[in-house]
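Report on the structure given below.
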Amino acid sequence: MGATTVPAASSANASDNWVLISSVSPTASTTSVSFTSISGYKKLLLKVIAPGSAANIVPIVRFNSDTAANYAYSSIRSYGTQLGGLLATNDTSVKLTGGAGISSNQFYGELMIIDTNTTGVKNLSGFSGGSDGSNTYIFPSITGSYFASAAITTVAFSTTSSNFDGAGTVALYGVAS
C-alpha cells in the first residue's frame with residue numbers, strides 16, 4: 001500500500017502578517033480616536049490599553065461613522081463570583097463593556113474585524129476588561145457582526161461619557177488583502 005498524502009488544513013492565520021497601521025495616545029479633552037482612509041486590509045485589530053479619563057467610560061467602536069442600527073453582538077461578563085451576558089441586536093455601535101462604565105485608566109480591550117474589505121457582513125470577535133473602581137470586570141468573549149454594504153474605511157474608538165486625558169494607547173493593526 002502506498003502512502004496517502006493529506007493536504008494541510010488551511011488556517012486563517014497561516015499567512016496573516018499583521019502590521020501596525022497606526023498607534024496613538026488619545027488627545028486630552030476629546031472623546032474619540034479615529035483611524036481613517038483605511039484600505040487594502042482584509043482584517044483589522046483594534047487594541048486599546050488604558051486610554052485615560054477623569055471618569056468611568058463606556059468604550060464604543062463604530063465603523064465608517066455609521067450610527068445606524070447595523071451592529072449585532074453578544075458578550076459574556078464576569079465580575080466577582082457573578083457571570084452575566086449581553087445580547088445586542090440592531091445597536092448603533094459595539095459597546096466593548098456591554099454598556100458598563102469602566103475606569104478608563106484600567107480599561108483594556110481588543111476587537112478583531114474580519115472581511116473588512118468586502119461589501120458583505122463583517123465578523124467581530126474580541127475581549128475587554130477593567131474596573132469601575134469597586135469591581136473588576138472581565139468580558140472574555142465579544143462576538144458579533146457589522147451589517148453594512150461598504151468596505152470599512154474608518155474605525156473610531158470613543159466614549160459616550162467622558163473625555164480622554166491624553167494617556168494610554170489606541171492602536172490599529174491590519175492584514176493586507
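The values are calculated or read from the model by the stated rules, or taken from the named source; none is laboratory data. This is a predicted model, so every value here is computed, not measured. When we count neighbours, we look across all protein chains shown, and the Cβ atoms used for this are built from the backbone with ideal geometry, even at glycine.
Return the residues of region 75-92 that are of a type in the set (S, T, N, Q), more than 16 Å from residue 121 (Cα to Cα) and touching a strand residue (DSSP E or B) at 6+ places or on another chain (Cβ under 7 Å); say none if nothing qualifies.
First pass over region 75-92, keeping only residues of a type in the set (S, T, N, Q): 75, 78, 81-82, 89-90, 92.
Filter once more, so that each one left must be more than 16 Å from residue 121 (Cα to Cα): 75, 78, 81-82.
The answer is 75, 78.
For residue 145, indicate whether it is among the hydroxyl-bearing types (Ser, Thr, Tyr), more than 21 Å from residue 67 (Cβ to Cβ) and modelled with pLDDT of 95 or more.
So residue 145 does not fit the description; no.
Just wondering, is there one or more residues in region 32-53 that are touching a Lys or Arg at 6+ places or on another chain (Cβ under 7 Å), on the phi < 0 side of the Ramachandran plot and not aliphatic (A, V, I, L, M)? Give the steps one after another, and end with the answer.
Start the filter on region 32-53 by keeping residues that are touching a Lys or Arg at 6+ places or on another chain (Cβ under 7 Å), which leaves none.
No, region 32-53 contains no residue that is touching a Lys or Arg at 6+ places or on another chain (Cβ under 7 Å), on the phi < 0 side of the Ramachandran plot and not aliphatic (A, V, I, L, M).
Please determine whether any residue of region 112-128 is among the aromatic types (Phe, Trp, Tyr) and surrounded by 23 or more Cβ atoms within 10 Å (Cβ to Cβ).
Scanning region 112-128, I find no residue that is among the aromatic types (Phe, Trp, Tyr) and surrounded by 23 or more Cβ atoms within 10 Å (Cβ to Cβ), so the answer is no.
Enumerate the strands (runs of 3 or more DSSP E) found wholly within region 113-177, keeping only those where 3 or more residues are in contact (Cβ under 8 Å) with a residue 60 or more places away in the chain.
Where strands (runs of 3 or more DSSP E) fall fully within region 113-177 and carry at least 3 residues being in contact (Cβ under 8 Å) with a residue 60 or more places away in the chain, they are 136-146, 155-159, 169-176.
Give me the strands (runs of 3 or more DSSP E) completely within region 1-63, filtered to those with at least 1 residues that are at pLDDT below 95 and of a type in the set (Ser, Thr, Tyr), ordered by residue number.
32-35
How many residues does region 82-108 hold that are assigned to a strand (DSSP E or B) and either surrounded by fewer than 23 Cβ atoms within 10 Å (Cβ to Cβ) or among the aromatic types (Phe, Trp, Tyr) (or both)?
Within region 82-108, residues that are assigned to a strand (DSSP E or B) and either surrounded by fewer than 23 Cβ atoms within 10 Å (Cβ to Cβ) or among the aromatic types (Phe, Trp, Tyr) (or both) number 13.
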